[in-house]
Amino acid sequence: MEGILESLIPLAGIFFPIGIVFVVFFFINKIEKHKYNAIIEVSKNIDDSSKIEEILDTLNDKKKPIDYRRSGVITLFVGVGLFLFGVTFIGADDQAGQFLKGAGLLVAAIGIGSTIAGYLYPNDSAEINKAVEKFEE
């Protein structure tokens, strides 16, 4: 019996994330289906085509550009928090403390890089225009 359980644990570790991905895709598909069915029902009751276009425009998902500065600062402080957790609560001499300190420094470095990327690659049109004007001077 133990041999069967020992062989099922790695399989569960492999198939569990795959199952999570399938569940997420299933529910995203279900939500989109209900959204489009609602649009069809509403459009059946509206006679004015301009109102239908307004509804479609409001339901369109507009992707906002990623704000690297904001996410970088958040990631930086998560890394600092991991580092401090490794120093204070677990102890600096413990192997787990050393691991958390290293992981915290790695995450903080990623946060610093993301913040710098946010300043190097502006994402809204005003910042892009300002960068182009500065370059042209």
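All of the numbers you see were taken from the coordinates with simple rules; none came from a lab. All figures in this text were calculated on a predicted structure; none of them were measured in a lab. Positions of Cβ are backbone-derived with ideal geometry, glycine not excepted, and every protein chain shown enters the neighbour counts.
Observations on the model:
- Any hit, segment 20-37, residues being of a type in the set (S, T, Y) and under 24 Å from the mean Cα position of the chain (by Cα): no
- Taking every residue in segment 79-102 that is at positive phi and pairing it with any residue that is in a helix (DSSP H, G or I) and surrounded by 16 or more Cβ atoms within 10 Å (Cβ to Cβ), at least 6 positions away or on another chain, the pairs with Cβ-Cβ distances below 7 Å are G91/G97.
Conditions tested, residue by residue: (1) assigned to a helix (DSSP H, G or I); (2) under 30 Å from G111 (Cα atoms).
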residue: L8; (1), (2): yes, no
residue: G13; (1), (2): yes, yes
residue: F22; (1), (2): yes, no
residue: F25; (1), (2): yes, yes
residue: K30; (1), (2): yes, no
residue: V42; (1), (2): yes, no
residue: K51; (1), (2): yes, no
residue: P65; (1), (2): no, yes
residue: G79; (1), (2): yes, yes
